[in-house]
Amino acid sequence: MASNGAGGGYDVIIIGSGPGGYVTAIRSAQLGLKTAIVERRHLGGICLNWGCIPTKALLRSAEIYSHMEHAKDFGLSAKEVSFDIGAVVKRSRGVASQLANGVGFLLKKNKVDVIWGTAKIDAPGKITVTEAPDAAPKGALGPGSYEAKNIIVATGARPRALPGLEPDKEQVWTYFEAMVPKTMPKSLLVVGSGAIGIEFASFFHTMGAKVTVVEVLDQILPVEDAEIAAHVRKRLEKQGIEIITSAKVTKLDKGKTVKATIEKDGKSEIRDVERVISAVGVVGNVEDLGLEGLGVKIERGIVATDGFGRTNVKGVYAIGDVAGPPMLAHKAEHEGVICVEAIAGLKPHPLDRNKIPGCTYCHPQVASVGLTEAKAKEGGRKIKVGRFPFIGNGKAIALGEPEGIVKTIFDAETGELLGAHMAGAEVTELIQGFVVAMNLETTEEDLMHAVFPHPTLSETMHESVLDAYGRVIHT
């Protein structure tokens, strides 16, 4: 029972109001469970406030700016094109604020109690909340003791810091600082070429910075299919972004600029840049929650769970980034719904991580779901692979976006769609077609018989399927 008079214990308390947390809370309330959510900083978590949403707003500004610079290619004229970085950032923050306010409205509408502060689990079913933030609304629930039959940890993740590359918020940035630059740097080094690193490299390059990306592995976008990653690398380098793979940034000397020591093939060189973005991954927020004292199993910095979000301690659950990869907002949301539906006594399907799409919003966009070609082969599968280039698609040419590729991978014996990988215009919107197909256990025959509208970019998806079986039309 809450010591501050909230009255009655809860069926479910969720710690963290990011996409996983607030969606889980709403679904919990829909199921008739008395629900509360604890938040220590801002509703919507990192995704809405400092991640997914505001970065897409920045990238949209960069996209429009790029189109304006190339207006001549479309028979148009735009003279003296420029930008105001302060206004670009202000728009991005406004978008984030609007959505965060929307989360508050949805929680209130669904009668979810919001408890402001920092939560610690004292024992199964019991938490203590301390340190209400300044952002807490007047009269809101805050510090105190609370009880719930089920506690769901949805505390997300934070940027990883490597020794010698620690961010200082001034010259060495994480994504937090990279989203609110006061001025546009003339030169930038991005350490790490995952989705976050490549998105920021794309944004700052488009806005005029000289960008260098350093990746320790031999492939950028390491989780993507090698062929797609190679296509994207070629496109980025053609735009003017320098990419150095199989290399490490070993030292940063800070002065008026940053002198970065880059090691590759046993040799080292020093690059002089104005700013550095550290984009070397994220780590789960598992500390200071009381999990160790409860005996909750933590493996490699994340909470170990089954396909329903259950930990090894009864009544304690974990979802989202804190429960491991893929560390994506939509994974957290789906995982949370599964978790709370299981708590409510329904029988949801367990989380299938293989059917979770991934999207990167650089230019060109990248999207994928399922197995890469290499993973399919490693699993001993006999496969059929189809490819289709955007240059063979009328809509892509009309859009002025003829460079792109769709790749599909099928089980040669059963026709099961094992994976789909795409790079090009709007592929982050297209990928859901393949996601639905995989969830419906669609075969190649179903996809070949489906009628795709013309002229659309989605026709590239159809043609890639046809190509896997020797029936492609437009190449």
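The values are calculated or read from the model by the stated rules, or taken from the named source; none is laboratory data. None of the values given here were measured: they were computed from a predicted structure. When we count neighbours, we look across all protein chains shown, and the Cβ atoms used for this are built from the backbone with ideal geometry, even at glycine. Surface accessibility is based on the protein's heavy atoms, side chains included, excluding ligands, DNA and RNA. Shrake-Rupley method; radii C 1.70, N 1.55, O 1.52, S 1.80 Å.
Please find the FRET efficiency linking PHE105 to GLU263, where r is the Cβ-Cβ separation and R0 is fixed at 56 Å, and quote it to the nearest 0.05. That pair, PHE105 with GLU263, gives E of 0.65. With N as its number of residues, the stretch 342-411 has a Cα radius of gyration that, divided by 2.2 N^0.38 Å, comes to 1.54. For the stretch 161-247, the spread of Cα positions along the three principal axes, ordered from largest to smallest, is 36, 30, 17 Å.
Using equal-weight Cα scatterers in the Debye expression, the normalised intensity of the stretch 322-475 in log10 at q = 0.11, 0.12, 0.18 Å⁻¹ is -0.46, -0.54, -1.07.
For the stretch 427-475, the convex hull spanned by the alpha carbon atoms encloses 79 Å³ per residue. Scaled against the 2.2 N^0.38 Å expected of a compact globular protein of N residues, the Cα radius of gyration of the stretch 78-188 reads 1.50.
Classify the stretch 81-120: rounded, prolate or oblate, from the alpha-carbon gyration tensor (a ≥ b ≥ c, eigenvalue square roots; a/c under 1.5 rounded; otherwise prolate if a/b is larger than b/c)? Here the stretch 81-120 falls in the oblate category. Given axes a ≥ b ≥ c from the Cα gyration tensor, I'd like to know whether the stretch 108-159 is rounded (a/c under 1.5), prolate (a/b larger than b/c) or oblate. Cα axes put the stretch 108-159 in the rounded bin.
Please list, by residue number, every one of the trypsin sites (Lys or Arg not before Pro) in the stretch 212-296 that is coil in DSSP and has at most 16 other beta-carbon atoms within 10 Å.
Passing sites in the stretch 212-296 are LYS256.
Using a cutoff of 8 angstrom between alpha carbon atoms and counting only pairs six or more residues apart, the relative contact order for the stretch 314-379 works out to 19 percent. Considering only Cα atoms, the convex hull volume of the chain works out to 171 Å³ per residue. In straight-distance terms, cross-link reach from LYS347 covers every one of the aspartates and glutamates whose alpha-carbon lies under 19 Å from its own, apart from those fewer than eight places away in the same chain; here that gives ASP11, ASP306, GLU333, GLU335. Comparing Cα centroids, the stretch 41-93 and the stretch 182-197 end up 16 angstrom apart.
Orientation-averaged projection of the stretch 237-335 equals 10.4 nm² [convex hull of Cα atoms, one quarter of hull surface area]. Separation of the alpha carbons by more than 24 angstrom is noted, of LYS264/LYS375; LYS234/LYS256; LYS138/LYS314; LYS56/LYS254; LYS210/LYS251; LYS90/LYS238, for LYS264/LYS375; LYS234/LYS256; LYS138/LYS314; LYS56/LYS254; LYS90/LYS238.
Count the net charge of all other residues whose Cβ sits under 10 Å from the Cβ of GLU403, scoring Lys and Arg as +1 and Asp and Glu as -1.
Values: positive: LYS234, ARG235, LYS238; negative: GLU401.
Neighbour charge sum, excluding GLU403 itself: +2.
With N the number of residues in the stretch 1-129, Rg(Cα) / (2.2 N^0.38 Å) evaluates to 1.49. Assign one of three labels to the stretch 195-290, namely rounded, prolate or oblate, based on the Cα gyration tensor with a ≥ b ≥ c the square roots of its eigenvalues; rounded applies when a/c is under 1.5, prolate when it is not and a/b is larger than b/c, and oblate otherwise. Note, shape of the stretch 195-290 comes out rounded.
What are the equivalent ellipsoid semi-axes of the stretch 25-70, built from the alpha-carbon gyration tensor (square roots of five times its eigenvalues), in whole angstrom, biggest first?
On the way: eigenvalues 272, 31, 4 Å².
Sorted largest first and rounded, they come to 37, 13, 4 Å.
Write down the accessible area per residue of the chain in Å², having rolled a 1.4 Å probe over the full set of protein chains.
47 Å²
Within the stretch 23-125, which trypsin sites (Lys or Arg not before Pro) sit in a loop by DSSP and count at most 12 neighbouring Cβ atoms inside 10 Å? Walk me through the numbers on the way to the answer.
Details: sites: ARG27, LYS34, ARG40, ARG41, LYS56, ARG60, LYS72, LYS79, LYS90, ARG91, ARG93, LYS108, LYS109, LYS111, LYS120; in loops: LYS34, ARG40, ARG41, LYS79, LYS111.
Passing both the DSSP loop test and the Cβ count: LYS79, LYS111.
The magnitude of the dipole of the stretch 363-404, with charges of +1 and -1 set on the Cβ of Lys/Arg and Asp/Glu and taken from the Cα centre, is near 340 debye.
This model, with +1 at the C-beta of Lys and Arg and -1 at the C-beta of Asp and Glu, gives the stretch 343-450 a dipole about its Cα centre of some 260 debye.
Which net charge results for the neighbourhood of SER61, defined as the other residues with beta-carbon distances under 15 angstrom from its beta-carbon, given Lys and Arg at +1 and Asp and Glu at -1? Can you show the working numbers first?
Working: positive: LYS56, ARG60, LYS90, ARG91, ARG93; negative: GLU63, GLU69, ASP84, GLU199.
Its environment carries a net charge of +1.
Can you tally the net charge around ALA87? Count Lys and Arg as +1, Asp and Glu as -1, for every other residue whose Cβ sits under 14 Å from the Cβ of ALA87.
Numbers: positive: ARG60, LYS90, ARG91, ARG93, LYS182; negative: ASP84.
With Lys, Arg at +1 and Asp, Glu at -1, the neighbours total +4.
Dipole size of the chain about its Cα centre, with +1 on Lys/Arg Cβ and -1 on Asp/Glu Cβ: approximately 1040 debye, rounded to the nearest 20.
Placing unit charges on each Cβ (+1 for Lys and Arg, -1 for Asp and Glu) gives the chain a dipole about its Cα centre, and among VAL451, SER17, THR206 the Cα reaching farthest toward its positive end belongs to SER17.
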